[in-house]
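First comes the structure, then the notes that go with it.
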Amino acid sequence: MFISIEGIDGCGKTTLCNKLSEYLTKKNIDHVKTLEPGGTLIANQIREILLHSEGLDLKSEILLFLAARAQHVSELIKPALDQGKWVITDRYSDSFLAYQAYGRENDYDLLYKLNDYACYSLYPDKTFYLYIDVETSLARQTDPDRISSTSEKDFYAKIKQGFDELSQKYSDRFVIIDATQSIEKVFQDILKELNI
């Protein structure tokens, strides 16, 4: 089972990934918890460049995200799935499309094709979209990185629109969860959907 947890900044992705990992451990379900960009040594090095480098060209940003994903999939995600493990990732390709195609207004079709190549056409079985409004997102952000610190409200509105559209386009794997609820209620909604 391959699970991604998605949404705009401040929606609770990391907290929910951690809670789900702890739950799977208690249930003796062999799994890997990871994040994007990152997850492997090389992908983590790329993450540092993406989050903390000033003056990064936007095309360079796109290509670095894709390079990190290719390494992440080939070195960690695909081998874990091949071994029968569950994989939980904090962000994946839908974040890339929401931020780069919608937020940064780059060509969606081009980015989709490049992403499909980078991720070896491997997509989650379930994508939990933690839905919050832009005002809540901005209020919850306490430690902005290079991308979020330079972002304004309209940028996040475009990203949210991107997630909304992606959740409709890929409704076969997207599960929309109201993330303004308590963390425990959101977590129970995820467990109910996974039937574990």
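A few notes on this one:
- Positions within the stretch 176-190 being surrounded by 14 or more Cβ atoms within 10 Å (Cβ to Cβ) and closer than 12 Å to Leu16 by Cβ, in sequence order: Ile177, Ala179, Gln181, Val186, Phe187, Asp189, Ile190
- Complete set of residues in the stretch 157-190 that are touching a helix residue (DSSP H, G or I) at 6+ places or on another chain (Cβ under 7 Å), farther than 14 Å from Leu130 by Cβ and not small (Gly, Ala, Ser): Lys158, Gln161
- Cβ-Cβ under 7 Å pairs, at least 6 apart or on other chains, the stretch 168-185 side closer than 10 Å to Cys11 by Cα and among the small types (Gly, Ala, Ser), far side in a loop (DSSP other than H, G, I, E, B) and at pLDDT 95 or above: Ala179/Gly7
- Within the stretch 68-117, the residues that satisfy the criterion of being more than 23 Å from Gly12 (Cβ to Cβ) and touching a residue at least 60 places away in the same chain (Cβ under 8 Å) are Leu81, Ala101.
One line per residue, one yes/no per condition, for (1) touching a strand residue (DSSP E or B) at 6+ places or on another chain (Cβ under 6 Å); (2) among the basic types (Lys, Arg):
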| residue | (1), (2) |
| --- | --- |
| Ile62 | no, no |
| Ile88 | yes, no |
| Asp107 | no, no |
| Lys113 | no, yes |
| Ser121 | no, no |
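- Criterion (over 24 Å from Phe163 (Cα atoms) and aliphatic (A, V, I, L, M)) met by exactly one of Leu76, Leu51, Leu111: Leu76
- Of everything in the stretch 41-56 that is under 16 Å from Gln100 (Cβ atoms) and in contact (Cβ under 8 Å) with a residue 24 or more places away in the chain, the residue that is surrounded by the most Cβ atoms within 10 Å (Cβ to Cβ) is Ile46.
- For Tyr112: the one exception among (1) crowded, with 16+ Cβ neighbours inside 10 Å; (2) under 23 Å from Gln168 (Cβ atoms); (3) among the aromatic types (Phe, Trp, Tyr); (4) touching a helix residue (DSSP H, G or I) at 6+ places or on another chain (Cβ under 7 Å): (1)
- A count restricted to the stretch 78-94 and to residues that are out of contact with any helix residue (DSSP H, G or I) (no Cβ under 6 Å at 6 or more places or on another chain), over 21 Å from Lys27 (Cα atoms) and crowded, with 24+ Cβ neighbours inside 10 Å stands at 1.
- Yes/no for Phe174 being modelled with pLDDT of 95 or more and aromatic (Phe, Trp, Tyr): yes
The values are calculated or read from the model by the stated rules, or taken from the named source; none is laboratory data. These numbers were taken from a predicted model, which means no experiment stands behind them. Positions of Cβ are generated from backbone atoms using ideal geometry, with glycine treated the same way; all protein chains shown enter the neighbour counts.
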